[in-house]
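Structure, as structure tokens:
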Amino acid sequence: MQIHVQTPAAELLIDPFRERRKGFVVRRAELADMPELQRMAQAFHAAWRYAERAPIDLDAFASTVANLATNPAGVVLVADNGNGLCGMAAATATRHWFNAKHITGQELFWWADESARGTGAGFALLGGLEDWARSVGCQTFMMVSTVNLAPEKLAKVYKRRGYVPCDIQYLRSL
């Protein structure tokens with residue numbers, strides 16, 4: 001089932017997510033951003049426990065980003081601090097499996113370079129994801145936390161923004 005963006009077509013000619021948030025420009029990713037997106041993907045993958053199970057495939061990542069960026073039910077955002085890209089985030093929107101009337105958003109990745117952490121870049125991206133989710137009709141939005149990237153700190157951030165714990169995931173190699 002396709003998710004329909006609830007924004008009038010005329011408004012889609014401008015990027016509603018290109019805005020300044022606390023010193024950062026948050027905007028939709030563009031094809032020219034791919035080298036920086038891949039750089040950040042490599043850094044994120046290296047810090048993530050999944051890296052122990054599967055190597056990164058930058059071509060597959062580029063394909064995923066391109067698919068998300070061209071699908072109305074997906075988004076890839078970047079944060080620019082004036083000196084270049086310093087963060088990225090992506091999400092999808094789908095009808096929930098237990099209720100087709102309920103549209104939910106799911107963060108796929110959310111990353112800020114170490115040099116940008118504590119500066120508001122991550123919050124700017126999170127706000128952009130939430131704004132996008134609202135714009136496509138999401139009634140809920142789910143964020144995840146990786147176990148080796150400050151999960152307690154992220155839990156506090158999420159709870160302050162109104163998120164509640166929902167799932168815990170486990171990974172096994174087969």
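Within the range 127-161, track down each residue that is surrounded by fewer than 18 Cβ atoms within 10 Å (Cβ to Cβ), touching a Gly at 6+ places or on another chain (Cβ under 8 Å) and under 20 Å from residue 76 (Cβ atoms).
Once the filter is applied, which keeps residues that are surrounded by fewer than 18 Cβ atoms within 10 Å (Cβ to Cβ), touching a Gly at 6+ places or on another chain (Cβ under 8 Å) and under 20 Å from residue 76 (Cβ atoms), the range 127-161 yields only 142.
Residues of the range 77-88 being under 14 Å from the mean Cα position of the chain (by Cα) and either closer than 16 Å to residue 42 by Cβ or not aliphatic (A, V, I, L, M) (or both), which ones? Before the answer, list the steps.
Within the range 77-88, the first condition is being under 14 Å from the mean Cα position of the chain (by Cα), and the residues that meet it are 77-79, 86-88.
Hits for the range 77-88 are 78, 86, 87, 88.
For residues that are assigned to a strand (DSSP E or B) and over 16 Å from residue 75 (Cα atoms), scanning just the range 15-24, find the one that is modelled with the highest pLDDT.
In the first step, residues of the range 15-24 are kept if they are assigned to a strand (DSSP E or B); the result is 19-21, 24.
Now drop any that are not over 16 Å from residue 75 (Cα atoms), which leaves 20-21, 24.
Values: 20: 61, 21: 61, 24: 81.
Here the residue is 24.
Can you tell me which residue is farthest from residue 75 (Cα to Cα) among those in the range 111-122 that are part of a helix (DSSP H, G or I) and not acidic (Asp, Glu)?
So the first thing to find is which residues in the range 111-122 are part of a helix (DSSP H, G or I), and the list is 114-116, 121-122.
Filter once more, so that each one left must be not acidic (Asp, Glu): 115-116, 121-122.
Details: 115: 24, 116: 21, 121: 17, 122: 16 Å.
Here the residue is 115.
Name the residues in the range 79-88 that are touching a helix residue (DSSP H, G or I) at 6+ places or on another chain (Cβ under 8 Å) and either polar (S, T, N, Q) or surrounded by fewer than 19 Cβ atoms within 10 Å (Cβ to Cβ) (or both), would you?
Restricting attention to the range 79-88, the residues satisfying the condition of being touching a helix residue (DSSP H, G or I) at 6+ places or on another chain (Cβ under 8 Å) are 79, 81, 84-88.
Listed by number, the residues that qualify are 81, 84.
Exactly one of these conditions fails for residue 76: (1) at pLDDT 95 or above; (2) surrounded by 17 or more Cβ atoms within 10 Å (Cβ to Cβ); (3) more than 17 Å from residue 144 (Cβ to Cβ). Give me its number.
All conditions are met except number (3).
For the range 89-112, indicate whether the set of residues that are touching a helix residue (DSSP H, G or I) at 6+ places or on another chain (Cβ under 7 Å), farther than 20 Å from residue 142 by Cα and surrounded by 14 or more Cβ atoms within 10 Å (Cβ to Cβ) is non-empty.
No: zero hits.
Scan the range 117-126 residue by residue and report those that are buried (at least 21 other Cβ atoms within 10 Å of the Cβ) and under 25 Å from residue 49 (Cβ atoms).
Let us first name the residues in the range 117-126 that are buried (at least 21 other Cβ atoms within 10 Å of the Cβ), namely 121-122, 124-126.
Those that are buried (at least 21 other Cβ atoms within 10 Å of the Cβ) and under 25 Å from residue 49 (Cβ atoms): 121, 122, 125, 126.
Of all the residues that make up the range 35-73, how many are farther than 19 Å from residue 87 by Cα, part of a helix (DSSP H, G or I) and either in contact with a Leu (Cβ under 8 Å, 6 or more places away or on another chain) or of a type in the set (A, V, I, L, M, F, W, C) (or both)?
So the count comes out to 4.
Hey, among the residues in the range 138-174 that are under 18 Å from the mean Cα position of the chain (by Cα) and hydroxyl-bearing (Ser, Thr, Tyr), which one's modelled with the highest pLDDT?
140
Give the range 123-174 a look and list any residue that's more than 20 Å from residue 68 (Cα to Cα), part of a helix (DSSP H, G or I), free of Cβ contacts under 8 Å to residues at least 40 places away in the same chain and not charged (D, E, K, R), or say none.
151, 154, 155, 157, 158
The values are calculated or read from the model by the stated rules, or taken from the named source; none is laboratory data. This is a predicted model, so every value here is computed, not measured. Neighbour counts run over all protein chains shown; Cβ positions are idealised from the backbone, glycine included.
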